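Colleague: One structure follows; several queries about it will come next.
Computed from the coordinates by the stated procedures, all read-outs in this text should not be read as laboratory data. Note that the structure is a prediction, hence the values are computed from the model and not measured. Neighbour counts run over all protein chains shown; Cβ positions are idealised from the backbone, glycine included.
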């Protein structure tokens, strides 16, 4: 019964759908850049922690030289996806622009101050 409610909320509320897709694109950004850099990433998986969802991509055999590129790829892909969807929303006017701007700001701020940002800064410091 709870799963049906979650599925209903995701597929019938476009804001929640875009948020989940931004998280999915974020994790796929890490995955594809790690694959391109010849690392050994696992497919992303998601842990639902009410009211949040955490996405994780485990990467093995990542060279320290390639680490900053892989870490910045997730937020970059998600920001580009959100900007694309903002433009798409201007054209089709699906819902208000404010939730999309919130998603964009959250992606930028949470990844700068969050775990990706901390890992990125520490990897850059190790390279210097």
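Colleague: Spin-label point model (7 Å from Cα, Cβ direction): what's the residue 124 to residue 63 distance in nm?
Modeller: Label at residue 124, label at residue 63, 2.1 nm between them.
Colleague: What relative contact order, as a whole-number percentage, does the range 2-127 give when Cα pairs under 8 Å and 6 or more residues apart are counted?
Modeller: Once divided by the residue count of the range 2-127, the mean separation gives 24 percent.
Colleague: If I model a spin label as a point 7 Å beyond the Cα along the Cα-Cβ vector, how far apart are those points for residue 38 and residue 7 in nm?
Modeller: The answer from the label model is 4.3 nm.
Colleague: If you don't mind, there's one more thing I want to ask. Could you tell me the calculated FRET efficiency between residue 16 and residue 91, based on Cβ-Cβ distance and R0 = 22 angstrom, to the nearest 0.05?
Modeller: It comes to 0.55.
Colleague: Here is a follow-up. Could the peptides 73-81, 15-23 be put in order, highest first, of the mean number of other beta-carbon atoms found within 10 Å of their residues?
Modeller: The peptides rank, most packed first, as 73-81, 15-23.
Colleague: Any chance you could check the Cα centroid distance between the range 88-113 and the range 26-63 for me, in angstrom?
Modeller: One Cα centre to the other: 22 Å.
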